[in-house]
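Participant: Got a structure here, written out as structure tokens. Questions coming.
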Amino acid sequence: RHQDDEREGDDDGSRLHWEHNFPQHCLVINVLLYVSVTEYINGHVHLEEYESDGKLFLTEAFNVIMEEILHKGTDLKEKVCEWKDPDQLRALLDLDLREHGESHEQLLQRVRDVARYSVKTCHPRFFNQLFAGVDYHALTGRLLTETLNTSQYTYEVAPVFVLMEEEVLRQLRSLVGWSEGDGIFCPGGSVSNMYAMNIARYWAFPQVKTQGLWATPRMAIFTSQQSHYSMKKAATFLGIGTDNVFIVQVDESGSMIPEDLEAKIVQAKSKDAVPFFVNATAGTTVQGAFDPLNHIADISERNGMWMHIDAAWGGSVLFSKKHKHLVAGIERANSVTWNPHKMLLAGLQCSVILFRDTTNLLMHCHSANATYLFQQDKFYDTSLDTGDKSIQCGRKVDCLKLWLMWKAIGTHGLSERVDKTFALARYLVEEMEKRENFKLVCKGHFVNVCFWFIPPSLKGKENSPDYQERLSKVAPVIKERMMKRGTMMVGYQPMDGRVNFFRMVVLSPQLTTKDMDFFLDEIEKLGKDL
């Protein structure tokens with residue numbers, strides 16, 4: 001500042017003032033420099049401390065995960081869920097986000113609370129969904145994936161996983177019966193089904209990519225009344241409309257009736273709609289039914305339609321020599337959805353859409369040619385940049401968990417896993433038929449066991465006018481009781497005129513016949529006074 005003052009005028013006094021006070025100015029400069037350097041060093045130390053604290057927290061949190069989830073969560077003596085009502089749980093968790101962070105111990109308590117009050121889907125008696133149990137090799141893959149934190153869109157940022165996905169998809173296609181084809185990992189079966197519908201529409205009407213729905217006729221989709229609701233969601237998302245989803249009737253076991261499919265195609269044509277997509281289901285969500293694939297393939301070929309198979313639940317029977325006959329004809333499909341995170345226990349999420357197509361439809365339909373990401377003059381084979389096949393940009397790595405599990409136990413081990421679930425489901429049905437308070441909805445061919453529990457008060461009252469209404473209230477009460485006791489979890493639902501019934505799903509490799517016996521005993525215990 002003194003120098004600036006000096007420049008503004010030849011004031012000798014100013015110059016003399018600067019020279020006289022030079023030592024003091026140097027001292028001020030040195031102090032300021034010392035403070036700046038000290039602050040930088042302290043900041044660097046704080047950063048190192050923060051990183052050190054973070055690593056310690058991660059180590060201790062992992063110990064909590066191991067003890068509270070993987071040890072206690074798989075222990076039959078522990079609860080499947082420590083149930084709390086929403087208001088209680090909000091108070092227990094202290095969910096508020098505040099201006100300042102919390103201490104190490106407070107954060108560890110948060111981890112303990114999350115573990116304590118969450119549903120233990122790894123528990124042997126969690127029967128509520130189409131996923132359950134834990135495979136430790138797959139879990140290791142999930143942890144490795146999260147830690148590496150990369151996106152599966154280019155070879156340059158995910159070289160290992162691009163090659164790995166390619167190999168896993170090739171092996172899955174081989175099991176379907178295709179020596180060539182395409183595919184991609186998707187965030188769940190619903191999105192996989194949407195991919196299939198979108199590709200099928202592009203295949204039938206390629207102009208839709210550039211011109212939109214204005215350039216297409218009214219389109220018709222066909223799916224069974226017990227197919228997954230994602231079919232209607234896909235039709236909504238893609239702008240096709242749910243009114244253009246024609247629902248095909250099913251038989252008592254839940255399988256599509258081919259004759260009704262043909263009738264619905266005629267109906268659609270009479271309304272000037274163009275049939276382009278039929279969805280067959282291999283393992284329906286509730287009854288576990290398999291549609292007659294060969295018959296549906298015949299109809300699809302005669303009508304020039306794309307045939308998709310939603311095998312999200314049932315696709316894993318392809319690993320079993322004993323049970324793969326359930327999907328006879330699957331190789332005739334144009335596309336297949338398959339969720340290894342279900343019966344194979346790969347862990348959420350692990351879903352693929354597989355294509356028989358060899359003309360690169362997946363890329364042509366979805367590509368946007370983003371030059372900042374998919375440069376064509378890269379130093380490696382750019383066909384390995386698979387991100388343009390996807391409707392996503394960032395895409396999680398979902399292949400590692402399946403690959404590592406497959407490496408660990410082999411195709412033979414996965415086959416044994418599938419066969420064991422069938423054996424336990426058959427055992428459960430046989431034991432259920434020996435007990436007078438259980439009534440099967442129908443005898444299925446898969447591992448879904450659907451049944452009513454008939455409490456003593458309703459025995460012999462089948463002809464009473466209020467029987468169905470009273471029976472519909474049984475499953476919800478038993479479900480509430482089991483949740484609050486924490487002994488197990490199993491789902492229920494009404495369907496197609498049938499009042500609430502239980503859907504027991506057998507799939508965890510940790511299960512034994514003793515667990516099946518416990519299940520039946522517990523249902524009886526929870527419902528004996530109803």
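The values are calculated or read from the model by the stated rules, or taken from the named source; none is laboratory data. Note that the structure is predicted; figures quoted are calculated from it, not measured. Ideal geometry is used to build each Cβ from the backbone, glycine not excepted, and the neighbour counts take in all protein chains shown. These accessible areas exclude ligands, DNA and RNA; they are computed on the full protein's heavy atoms, side chains included. Shrake-Rupley method; radii C 1.70, N 1.55, O 1.52, S 1.80 Å.
Participant: Within segment 224-238, is even one residue more than 14 Å from Asn193 (Cβ to Cβ), polar (S, T, N, Q), over 24 Å from the mean Cα position of the chain (by Cα) and open to solvent by 10 Å² or more (accessible area, probe 1.4 Å)?
Facilitator: no
Participant: I would also like to ask the following. When you scan segment 185-197, do you find a residue that is without any contact (Cβ under 8 Å) to a residue 24 or more places away in the chain and not in a helix (DSSP H, G or I), even just one?
Facilitator: no
Participant: So which of Leu70, Leu76, Leu16 ends up being open to solvent by 80 Å² or more (accessible area, probe 1.4 Å), at pLDDT 50 or above and hydrophobic (A, V, I, L, M, F, W, C)?
Facilitator: It is Leu76.
Participant: Does at least one position in segment 484-493 carry a residue that is free of Cβ contacts under 8 Å to residues at least 60 places away in the same chain, among the polar types (S, T, N, Q) and closer than 21 Å to Leu428 by Cα?
Facilitator: No, every residue in segment 484-493 fails to be free of Cβ contacts under 8 Å to residues at least 60 places away in the same chain, among the polar types (S, T, N, Q) and closer than 21 Å to Leu428 by Cα.
Participant: Which one is farthest from Tyr153 (Cα to Cα), of the residues in segment 198-219 that are among the aliphatic types (A, V, I, L, M) and surrounded by fewer than 24 Cβ atoms within 10 Å (Cβ to Cβ)?
Facilitator: Ala215
Participant: Quick test of your reading of the structure: Thr371 fulfils all but one of (1) assigned to a strand (DSSP E or B); (2) open to solvent by 20 Å² or more (accessible area, probe 1.4 Å). Name the failing condition by number.
Facilitator: Among (1) assigned to a strand (DSSP E or B); (2) open to solvent by 20 Å² or more (accessible area, probe 1.4 Å), the lone unmet condition for Thr371 is (1).
Participant: Does any residue of segment 431-451 turn out to be at pLDDT 95 or above and part of a helix (DSSP H, G or I)?
Facilitator: Checking segment 431-451: at least one residue is at pLDDT 95 or above and part of a helix (DSSP H, G or I).
Participant: Restrict the check to segment 87-102 and report whether at least one residue is assigned to a helix (DSSP H, G or I), within 30 Å of Lys401 (Cα to Cα) and open to solvent by less than 70 Å² (accessible area, probe 1.4 Å).
Facilitator: Within segment 87-102 (the criterion being assigned to a helix (DSSP H, G or I), within 30 Å of Lys401 (Cα to Cα) and open to solvent by less than 70 Å² (accessible area, probe 1.4 Å)), the answer is no, since none of the residues qualifies.
Participant: Given the condition crowded, with 20+ Cβ neighbours inside 10 Å and more than 22 Å from Lys420 (Cα to Cα), answer yes or no: does some residue in segment 494-508 qualify?
Facilitator: Within segment 494-508, one or more residues are crowded, with 20+ Cβ neighbours inside 10 Å and more than 22 Å from Lys420 (Cα to Cα).
Participant: Contact list please: Cβ distance under 7 Å, first residue in segment 137-165 and over 20 Å from Met405 (Cα atoms) and open to solvent by less than 80 Å² (accessible area, probe 1.4 Å), second residue of a type in the set (A, V, I, L, M) and assigned to a helix (DSSP H, G or I), pairs at least six apart or on different chains.
Facilitator: Filtered contacts from segment 137-165: Tyr155/Val162; Tyr155/Leu384.
Participant: Something else: Residue check, Met432 against (1) within 23 Å of Cys81 (Cβ to Cβ); (2) over 29 Å from the mean Cα position of the chain (by Cα), all met but one. Which one?
Facilitator: All conditions are met except number (1).
Participant: A further question follows. Kindly indicate whether any position in segment 494-512 is over 28 Å from the mean Cα position of the chain (by Cα) and touching a residue at least 60 places away in the same chain (Cβ under 8 Å).
Facilitator: no
Participant: Sticking with this structure for a sec: How do the pairs read when you match residues in segment 276-295 that are within 22 Å of Phe501 (Cβ to Cβ) with residues anywhere that are of a type in the set (Lys, Arg) and in a loop (DSSP other than H, G, I, E, B), using Cβ under 8 Å and keeping only pairs 6 or more apart or on different chains?
Facilitator: The qualifying pairs do not exist here.
Participant: Hey, Cys442 hits all of (1) touching a Cys at 6+ places or on another chain (Cβ under 8 Å); (2) open to solvent by less than 20 Å² (accessible area, probe 1.4 Å); (3) not hydroxyl-bearing (Ser, Thr, Tyr) but one; which does it fall short on?
Facilitator: Of the numbered conditions (1) touching a Cys at 6+ places or on another chain (Cβ under 8 Å); (2) open to solvent by less than 20 Å² (accessible area, probe 1.4 Å); (3) not hydroxyl-bearing (Ser, Thr, Tyr), the odd one out for Cys442 is (2).
Participant: Does Gly133 satisfy the criteria of being at pLDDT below 95 and within 30 Å of Thr285 (Cα to Cα)?
Facilitator: The answer is yes for Gly133.
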